[in-house]
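Worksheet: one structure, shown below.
The values are calculated or read from the model by the stated rules, or taken from the named source; none is laboratory data. None of these values were measured; they are calculated from a predicted model. Glycine gets a Cβ as well: all are built from the backbone with ideal geometry, and neighbour counts include every protein chain shown. We work out accessible area using only protein heavy atoms, side chains counted, and drop any ligands, DNA or RNA first. Shrake-Rupley method; radii C 1.70, N 1.55, O 1.52, S 1.80 Å.
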Amino acid sequence: MNDDNRDIAAMPDNGEAFARLRAQLATQAPALLIDGRWQACASGATLEVDDPATGERIARIAAGDADDVDRAVAAARRAFRDGPWPRLPPSRRAAALFALADAIEREQDEFALLEALDAGHSLASIRRGDLPLGLRSLRDYAGWATKIAGEVPMRASEQAGMDYFLREPIGVVAIVTPWNAPFLMVLQKLAAALAAGCTVVIKPAELAPLSALRIGELCRHVGIPDGVVNIVTGTGPTAGQALAEHADVDLISFTGSTQVGQSIMAAAARSNLKRMVLELGGKSPVLVFADADLDKAARAIVGEIAFKSGQYCAAGSRLFVQRSIQDALLERMQAAMDGIRIGAGYAQGSDMGPMISQRQRERAQAIVDHSLGEGAQALRGGRARPGPGYFYEPTLLTQATPKMRIAREEIFAPVLTVMAFDDDATPAQVAALANDSHYGLSAKLWARDLGTVHELIGRLQSGQVIVNGGGGEATLPFGGVKQSGYGRENGHVGLSAYTEIKAVRLGY
Ligand code: NAD
């Protein structure tokens with residue numbers, strides 16, 4: 001890889017659309033969406049949003065605080081208590097969600113460009129991943145809106161009457177999301193909440209809030225009633241914390257770091273015991289056995305660590321490979337890494353964009369440096385790329401040990417740590433290596449022997465096990481064990497978090 005790669009890829013994919021978008025963002029007034037109206041935040045304060053590929057400012061957003069959160073929660077409460085949304089026939093909520101999906105799909109090119117500019121990811125990865133996944137999730141939940149049901153068990157007592165239970169919308173939902181997949185995270189949570197009949201206050205990540213604002217505008221266009229969808233932009237410690245502390249929020253659906261998840265849990269305990277869905281960090285293991293398809297595995301493993309520049313909660317960042325095939329796998333992986341074209345996410349032909357911020361890049365560098373100091377070796381990368389923006393080289397670290405920071409901490413950068421296991425290690429021993437982590441979000445397994453595969457599926461402590469390749473799927477439950485959080489998203493399993501059960505005993 002050389003510096004020319006990035007220069008080649010510095011041209012916006014669609015120059016005219018890009019210029020239009022930049023101009024429109026530059027003049028967009030910073031505003032919150034509260035009760036169906038875009039309005040300034042109480043303090044008038046704003047935050048800058050940067051293009052991570054250049055460090056240049058692209059927009060200003062409102063810096064909402066606790067007063068704004070109060071107004072937004074009050075609007076969501078009114079819409080829930082008095083408004084039509086929770087009481088609509090479910091088929092009408094479904095129709096509104098299908099209409100929202102259609103509206104987003106009509107603007108998918110604009111959304112892809114906006115997300116590439118704001119979050120830095122390559123257009124190809126957004127078109128292949130976030131957009132179709134987000135739309136599938138939204139349509140899947142639109143379908144679920146008409147299928148939410150309680151049960152009527154047989155009556156246990158002799159007394160005449162009927163026992164049953166209802167599933168009701170849980171109420172006002174706070175949606176707090178990270179910057180690494182802003183469009184997808186907001187859409188998945190919003191879809192579940194709205195399908196269930198809840199009203200919401202969204203607090204998107206301050207580093208990449210722009211797609212959430214556009215989704216909010218489209219909610220208005222498709223006729224979702226005022227107050228059902230509110231958006232308060234702002235920082236985590238102010239707007240996010242105010243939502244976590246708020247006594248009138250019934251559920252907080254959070255995706256982000258384990259550390260912030262812990263503080264949200266504490267705030268929920270201190271305030272009103274609000275319910276929580278916590279999708280937190282990961283340090284996902286990748287296990288490669290000698291009988292795996294090495295060509296396919298090498299491409300997929302490298303592709304995944306380059307996807308979103310490794311800023312992906314389920315990214316396989318700890319590779320355990322059977323010793324006899326280590327060299328063969330590493331050779332293929334280096335070739336795959338050398339083929340990655342680095343450039344602005346919105347640039348023509350770019351495979352991998354920048355990291356989100358200088359701070360994140362410095363944090364990753366500190367972990368890499370610490371581990372290099374302890375004896376790890378960089379076969380590829382190991383450093384930031386010079387020049388504007390927050391680019392980091394795809395990195396392959398060998399000679400690592402399970403105790404090094406690089407093997408324990410979520411790095412959220414395109415950095416892959418390689419460790420070998422003995423050829424005669426049992427599946428139980430390999431699983432123990434993989435399970436030696438506070439996290440348990442996703443585990444990836446490359447092997448053909450069904451006995452090994454089945455035994456490892458049983459032993460891996462992980463919310464998800466992916467065998468021989470594959471990415472996210474909107475209809476399959478997603479979430480973690482251990483400090484990767486709790487609760488699951490997607491499908492009817494995810495939907496249940498947005499409902500509350502009411503048992504009824506009806507005597508005649
Ligand atoms: P973060 O935890 O710093 O921030 C996430 C959101 O929480 C942001 O909107 C932020 O403003 C807000 N926030 C920050 N402090 C807060 C506080 N005290 N109270 C309430 N809200 C607060 O995470 P990030 O850096 O934006 O995203 C990266 C993290 O997200 C990684 O750890 C990654 O693994 C995780 N993530 C997890 C999943 C998953 O599904 N498990 C998916 C994507 C990202």
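Scanning the range 427-461 for residues that are in contact (Cβ under 8 Å) with a residue 24 or more places away in the chain and β-branched (Val, Ile, Thr) yields Val430, Thr452.
Checking each residue in the range 462-485 for being within 13 Å of Val286 (Cα to Cα) and in contact (Cβ under 8 Å) with a residue 12 or more places away in the chain picks out Ser462, Gln464, Val465, Ile466, Val467, Asn468, Gly469. Of all residue pairs spaced 6 or more apart or on separate chains, those with beta-carbon atoms under 8 Å, a first member in the range 193-210 that is touching a residue at least 40 places away in the same chain (Cβ under 8 Å) and open to solvent by less than 10 Å² (accessible area, probe 1.4 Å) and a second member that is among the polar types (S, T, N, Q) and away from the ligand (no atom under 14 Å from the Cβ) are Ala193/Thr199; Ala196/Thr499; Thr199/Asn230; Val200/Asn230; Val201/Asn230.
A single member of Ile340, Ile367 is under 22 Å from Gly129 (Cα atoms), outside the structural domain of Leu207 (by TED's automatic domain parsing) and under 24 Å from the mean Cα position of the chain (by Cα), and it is Ile340. Considering the conditions (1) more than 8 Å from the ligand (Cβ to nearest atom); (2) small (Gly, Ala, Ser); (3) assigned to a loop (DSSP other than H, G, I, E, B), Ala266 is excluded by exactly one of them, (3). The C-beta contact set for the range 302-329 (first residue open to solvent by 30 Å² or more (accessible area, probe 1.4 Å), second residue away from the ligand (no atom under 16 Å from the Cβ) and part of a helix (DSSP H, G or I), distance under 7 angstrom, 6+ apart or interchain) comprises Ala328/Leu294.
Consider the range 136-159. How many of its residues are touching a residue at least 24 places away in the same chain (Cβ under 8 Å) and open to solvent by 60 Å² or more (accessible area, probe 1.4 Å)? If you could, list the steps in order and put the result at the bottom.
Of the residues in the range 136-159, the ones touching a residue at least 24 places away in the same chain (Cβ under 8 Å) are 136-148, 150, 159.
Filter once more, keeping what is open to solvent by 60 Å² or more (accessible area, probe 1.4 Å): 136, 139, 144, 146-147, 159.
Qualifying residue count, the range 136-159: 6.
So, in the range 86-100, exactly how many residues are in a loop (DSSP other than H, G, I, E, B) and buried (at least 22 other Cβ atoms within 10 Å of the Cβ)?
Counting residues in the range 86-100 that are in a loop (DSSP other than H, G, I, E, B) and buried (at least 22 other Cβ atoms within 10 Å of the Cβ) gives 0.
For Gly470, the stated conditions hold: it is in contact with a helix residue (DSSP H, G or I) (Cβ under 9 Å, 6 or more places away or on another chain), exposed (fewer than 14 other Cβ atoms within 10 Å of the Cβ) and not hydroxyl-bearing (Ser, Thr, Tyr).
Selection of first residues in the range 15-31 that are surrounded by 13 or more Cβ atoms within 10 Å (Cβ to Cβ) and of second residues that are of a type in the set (Val, Ile, Thr) and part of a loop (DSSP other than H, G, I, E, B), restricted to Cβ pairs under 9 Å at least 6 apart or on distinct chains, gives the following pairs, ordered by first then second residue: Pro30/Thr233; Ala31/Thr233.
The set of residues in the range 239-257 being more than 9 Å from the ligand (Cβ to nearest atom) and either over 20 Å from the mean Cα position of the chain (by Cα) or open to solvent by 10 Å² or more (accessible area, probe 1.4 Å) (or both) consists of His246, Ala247, Asp248, Val249, Asp250. Whether a residue is within 11 Å of the ligand (Cβ to nearest atom), outside any strand (DSSP E or B), modelled with pLDDT of 95 or more and farther than 30 Å from Ala17 by Cα was assessed, and Leu273 does not pass this test.
Scan the range 68-85 and give yes if some residue there is of a type in the set (A, V, I, L, M) and not in a helix (DSSP H, G or I), otherwise no. Break it down stepwise before answering.
Step one: filter the range 68-85 for residues of a type in the set (A, V, I, L, M), giving 69, 72-76, 79.
With not in a helix (DSSP H, G or I) added as a condition, the list becomes none.
Looking through the range 68-85, none of the residues is of a type in the set (A, V, I, L, M) and not in a helix (DSSP H, G or I).
Which residue pairs have Cβ atoms closer than 8 Å, lie 6 or more positions apart in sequence or on different chains, and pair a first residue in the range 101-122 that is open to solvent by 10 Å² or more (accessible area, probe 1.4 Å) with a second residue that is among the basic types (Lys, Arg)? Note: pairs meeting the criteria are Glu107/Arg214; Gln108/Arg127; Glu110/Arg214; Leu114/Arg214. Candidates are the residues of the range 418-449 that are outside any loop (DSSP other than H, G, I, E, B) and over 19 Å from Ser462 (Cα atoms); the one that is most open to solvent (accessible area, probe 1.4 Å) is Ala420.
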